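Asks: This is the structure, below, for whatever I ask next.
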Amino acid sequence: MATVVTEKDLKEESSFDRLSDDVILFILQHLSLRDFFNLRFVSKRFAAICKDKSLVRHLQFSKNYWLTTDRFQSYVRPVVDKIETLNLNSCYWLKAAAVDLISKCTNLSSLHLTQVKVSMKNLCNIMSSLPNLVNLSFSISDIRDLHPELASSTGAQECLARLISLSLHFRHQLVYSNRPVINFCTGPTLFEYCRNLEEFHVYGFPSNARGIPKYIFQPQILKSENLKNVKVMTLNDAMDPAARMFFFGTLLSVCKLSVKFKTLLQPLGNVDQLWSMDGYATCLQNMEDLVHFDPSRTTFQIPSDVLHFESAHNLQYLNLSDNAAVTSETLHLLADTCPKLTSLNLQNCNYILLGPLKQQQQNSEQRRAYNDISGLQALLMACVELRSLNISGIHVHTQDLISTPYSSLAALLAMNNNWQCLSMSPCCLSVERSSKNNKRTFSLVPEGYLVKRRRIGTGAACHQSFATEDPSASSSSPPSSSPSSSSPSTTLDEPAFVSELEKLVRSCPSMENFELNCSGFRSAFNKYFGVHPTTCTSSPCMFSLTVGDHELMCIGRWKHLKSLQLTSIPGVNQGHCLLAIAKGCVSLEQLSIACLGQIAHCLYRNGLLAAFPFFSKLKDFRLEHPYMKVDEMMLTAMAKCSTLERVCIIAKNGTMDTEGVKDFFEKVQGLINFQLYTGRSLSVCRGLQAYLMSRYKKTRPAISVCIHPLLNGGLQEATAMLPDQHIDEMTILKSRVSIRPHDAY
């Protein structure tokens with residue numbers, strides 16, 4: 001049938017043609033990479049505009065799982081002479097043909113190939129063909145192969161001499177044995193050729209608490225003067241002895257040159273031991289130039305003779321997590337000396353309320369006398385530029401704030417209107433409520449939790465408040481048990497109760513990453529296999545029982561929220577808050593839920609299933625509950641969230657519907673990482689995993705599947721086959737707030 005072109009169509013086409021190329025370029029800058037890729041095929045004009053240097057100068061392909069080798073070649077080949085930055089980090093599925101094309105991008109100044117499969121010989125060839133390269137990242141499977149290849153490649157040596165920033169990702173083959181033998185070796189490194197290096201980053205394997213590398217390499221730096229310009233050294237928080245040995249061996253060589261660091265991230269580095277090493281104390285004697293500092297997961301006093309925070313006036317990022325020596329006096333010092341702090345991590349610093357020793361009393365009734373909130377209060381008031389704060393694992397209750405005008409820690413945090421990332425314990429939201437007779441009451445048992453009977457009037461009022469708090473309440477909300485039986489006297493005599501979290505929501509509309517992590521909770525995966533062990537934890541708190549569905553409904557008002565983590569909140573029962581979050585948090589991309597409500601019963605399951613259709617942008621979903629049923633009903637509900645890319649479900653005693661999983665994969669076409677750890681047999685899990693990999697490997701090159709019994713002894717070997725970013729971001733349950741500086745690579 002012939003297409004009839006109307007006069008209206010001609011006018012619209014004529015109006016579009018009047019748009020200049022500059023206007024179209026401005027519009028295209030706001031599109032995603034995938035939309036921009038497809039737009040080239042709309043017309044010849046768009047194809048020409050999409051080759052403009054302003055659009056292709058900096059290409060970020062990292063974690064674009066839709067990308068294939070053919071698509072990458074068709075995208076890059078026409079613009080090889082215009083690309084200056086090429087980021088292929090975590091593109092582990094790309095074939096050698098894609099890597100070979102990089103050599104033709106002769107104007108590259110920054111190249112990132114972490115987790116990309118490339119041999120040392122090919123890497124040296126690429127380096128030789130890039131005369132302008134100053135920033136390089138790549139992965140190492142065997143560091144002993146690196147130096148021989150460099151020695152035979154003059155072009156690679158010249159490239160290293162130009163480098164300003166270098167990042168090494170260690171991905172050694174691991175050995176799992178009850179009686180492992182660790183081999184130590186030493187030898188020359190690539191630093192012999194790096195004469196202008198200013199930044200050095202090391203990334204270790206995130207999951208090798210049980211597995212160990214076949215050997216540990218001690219760097220032998222013969223020309224330490226080549227590192228005299230190094231100002232930035234970083235190590236990720238990973239239990240990788242190979243990466244740690246290489247990093248700290250290099251760090252001590254740099255410290256001998258008495259450099260002044262701008263960024264030093266050294267998690268799990270024993271400060272007291274490093275202090276005795278030659279040069280370390282001298283480098284940190286004056287911290288005036290230090291901007292980012294991470295001495296986390298080790299215990300040392302602040303203030304002390306080791307680190308002089310009195311001079312750290314320019315410090316913007318500080319990670320002191322898992323430090324049992326951080327007290328209220330420490331926070332007073334930071335408040336006085338670090339006014340430029342924008343990101344602070346105090347996770348599991350359980351003694352930040354500990355006042356001076358002279359105020360401590362033996363009698364537990366005198367707790368208020370030495371639980372000193374003044375340090376935290378002074379820090380929050382003085383550091384007005386704080387945007388990211390992690391205080392999860394810390395107990396701050398109503399009685400701790402009795403000397404302040406704030407009803408809870410959330411109310412104190414609400415004084416800052418610019419929070420973007422925040423992690424805290426649920427008990428910090430608890431508050432003593434005043435009844436009509438002005439008697440202060442406090443209930444440790446939330447509505448409907450472990451209670452057999454409820455008064456009709458009370459229950460109705462509670463459900464009515466659910467409907468009020470839902471930012472996008474509609475007919476699809478869960479029905480109330482008694483929608484019309486609310487008590488008029490309650491509405492007229494008592495003012496509407498505003499939860500502590502709602503005060504924070506109203507004050508901070510720009511929140512992007514929020515976490516409620518119950519102190520003392522450890523993931524089943526972490527617990528059984530020692531993945532990401534914590535050095536300092538506190539016991540669960542009964543005050544967290546007061547936080548339930550009603551208190552969490554207001555989270556749905558955060559329109560800009562991108563990441564949400566809810567861990568071990570026993571007061572969440574019906575899951576109404578999950579539906580409110582799905583409807584209101586329109587920008588949510590990452591959701592992690594672990595052990596909500598009662599452990600033996602997944603009462604929030606229906607609320608969760610009802611929420612899935614409303615997650616319009618959700619990409620990563622992690623769920624953990626010992627008795628969660630991964631049945632057809634749940635998988636059908638999850639399939640309604642078509643944007644899912646990564647899913648991890650941990651249910652130690654849960655069941656699994658194999659046919660439902662197959663249908664789920666068929667419906668969610670963008671799913672590339674699926675991890676399922678249940679109580680099913682090993683043979684069933686292996687059969688399903690093999691089926692999914694064989695069926696979707698060609699159509700989804702980035703696919704990565706791990707289906708395994710949680711309590712099976714071979715789980716650590718099975719998960720070690722997963723790409724690093726899936727283990728670190730999906731498998732391991734940990735806080736994501738303030739674990740790295742925002743602008744750190």
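Asks: Taking only segment 85-103 into account, find how many residues are surrounded by fewer than 17 Cβ atoms within 10 Å (Cβ to Cβ) and over 19 Å from F37 (Cβ atoms).
Replies: 3
Asks: Right, next: For segment 264-273, enumerate the residues that are buried (at least 22 other Cβ atoms within 10 Å of the Cβ) and either in contact (Cβ under 8 Å) with a residue 60 or more places away in the chain or not in a strand (DSSP E or B) (or both).
Replies: L265, Q266
Asks: Only one of S694, S616 is more than 23 Å from A594 (Cα to Cα) and either among the hydroxyl-bearing types (S, T, Y) or in contact (Cβ under 8 Å) with a residue 40 or more places away in the chain (or both). Can you tell me which?
Replies: It is S694.
Asks: When segment 207-246 is examined, which residues are found to be among the aromatic types (F, W, Y) and either touching a His at 6+ places or on another chain (Cβ under 7 Å) or at pLDDT 85 or above (or both)?
Replies: Once the filter is applied, which keeps residues that are among the aromatic types (F, W, Y) and either touching a His at 6+ places or on another chain (Cβ under 7 Å) or at pLDDT 85 or above (or both), segment 207-246 yields only F246.
Asks: Follow-up question, since we're still on this one. Residues L290, L318, L331, L307: which one is out of contact with any Ser or Thr (no Cβ under 7 Å at 6 or more places or on another chain), modelled with pLDDT under 90 and crowded, with 21+ Cβ neighbours inside 10 Å?
Replies: Result: L307 is the single residue among L290, L318, L331, L307 that is out of contact with any Ser or Thr (no Cβ under 7 Å at 6 or more places or on another chain), modelled with pLDDT under 90 and crowded, with 21+ Cβ neighbours inside 10 Å.
Asks: Which of (1) at pLDDT 95 or above; (2) touching a helix residue (DSSP H, G or I) at 6+ places or on another chain (Cβ under 9 Å); (3) under 23 Å from E225 (Cα atoms) is the odd one out, the single condition W93 does not satisfy?
Replies: W93 satisfies all of (1) at pLDDT 95 or above; (2) touching a helix residue (DSSP H, G or I) at 6+ places or on another chain (Cβ under 9 Å); (3) under 23 Å from E225 (Cα atoms) except (3).
Asks: Return the residues of segment 696-711 that are within 25 Å of the chain's Cα centre (by Cα) and of a type outside the set (V, I, T); say none if nothing qualifies.
Replies: R700, P701, A702, S704, C706, H708, L710
Asks: Within segment 197-246, which residues are crowded, with 18+ Cβ neighbours inside 10 Å, hydroxyl-bearing (S, T, Y) and farther than 14 Å from I140 by Cα?
Replies: S207, T234
Asks: Residues that are surrounded by 24 or more Cβ atoms within 10 Å (Cβ to Cβ), in contact with a strand residue (DSSP E or B) (Cβ under 9 Å, 6 or more places away or on another chain), at pLDDT 85 or above and not in a helix (DSSP H, G or I): does segment 531-548 have at least one?
Replies: yes
Asks: Can you pull out every residue in segment 701-738 that is part of a helix (DSSP H, G or I) and touching a His at 6+ places or on another chain (Cβ under 6 Å)?
Replies: L715, A718
Asks: Any residue in segment 19-44 that is touching a residue at least 24 places away in the same chain (Cβ under 8 Å) and at negative phi sitting within a Cβ distance under 8 Å of a residue that is in a loop (DSSP other than H, G, I, E, B) and acidic (D, E)? List the pairs, counting only those 6 or more apart or interchain.
Replies: D21/D52; L25/D52
Asks: Here's another thing I want to ask about it. Of all residues in segment 553-602, which are of a type in the set (A, V, I, L, M, F, W, C) and at positive phi?
Replies: C595
Asks: Where residues in segment 334-355 are touching a strand residue (DSSP E or B) at 6+ places or on another chain (Cβ under 8 Å) and over 23 Å from C427 (Cα atoms), which of them is surrounded by the most Cβ atoms within 10 Å (Cβ to Cβ)?
Replies: Filtering first and then ranking leaves L334.
Asks: Looking only at residues that are surrounded by fewer than 19 Cβ atoms within 10 Å (Cβ to Cβ) and assigned to a strand (DSSP E or B) in segment 168-183, which one is modelled with the lowest pLDDT?
Replies: V175
Asks: Output the number of residues of segment 648-668 satisfying the condition of being under 21 Å from L722 (Cβ atoms) and free of Cβ contacts under 8 Å to residues at least 60 places away in the same chain.
Replies: Selection size over segment 648-668: 10.
Asks: Given the conditions (1) surrounded by fewer than 22 Cβ atoms within 10 Å (Cβ to Cβ); (2) more than 20 Å from S735 (Cβ to Cβ); (3) not aliphatic (A, V, I, L, M), and given that S563 satisfies all but one, which numbered condition is not satisfied?
Replies: (2)
Asks: Pick from segment 33-75 the residues that are small (G, A, S) and surrounded by fewer than 15 Cβ atoms within 10 Å (Cβ to Cβ): which of them is modelled with the highest pLDDT?
Replies: Taking the candidates together, the pick is S74.
Asks: Restricting attention to segment 671-681, which residues are at pLDDT below 95 and either outside any strand (DSSP E or B) or over 23 Å from M628 (Cα atoms) (or both)?
Replies: Hits for segment 671-681 are G679, R680, S681.
Asks: Moving on to the next point. If I filter segment 120-143 for residues that are modelled with pLDDT under 85, exposed (fewer than 14 other Cβ atoms within 10 Å of the Cβ) and not hydrophobic (A, V, I, L, M, F, W, C), do I get at least one hit?
Replies: Scanning segment 120-143, I find no residue that is modelled with pLDDT under 85, exposed (fewer than 14 other Cβ atoms within 10 Å of the Cβ) and not hydrophobic (A, V, I, L, M, F, W, C), so the answer is no.
Asks: Okay, next question. Quick one: count up the residues across segment 150-167 that are buried (at least 17 other Cβ atoms within 10 Å of the Cβ) and either at pLDDT below 95 or in a helix (DSSP H, G or I) (or both).
Replies: Residues flagged as buried (at least 17 other Cβ atoms within 10 Å of the Cβ) and either at pLDDT below 95 or in a helix (DSSP H, G or I) (or both) within segment 150-167 amount to 7.
Asks: Of the residues that make up segment 270-279, is at least one of a type outside the set (G, A, S) and at pLDDT 90 or above?
Replies: no
Asks: If you don't mind, another one. Just checking, how many residues over segment 214-253 are without any contact (Cβ under 8 Å) to a residue 40 or more places away in the chain, in a helix (DSSP H, G or I) and of a type in the set (A, V, I, L, M)?
Replies: 4
Asks: Follow-up. I'd like to know if segment 344-361 contains one or more residues that are of a type outside the set (K, R), part of a strand (DSSP E or B), within 20 Å of L422 (Cα to Cα) and modelled with pLDDT of 90 or more.
Replies: Yes: one or more hits.
The values are calculated or read from the model by the stated rules, or taken from the named source; none is laboratory data. Keep in mind it's a predicted model, so treat the numbers as computed, not measured. Every residue, glycine among them, receives a Cβ derived from its backbone with ideal geometry; neighbour counts consider all protein chains shown.
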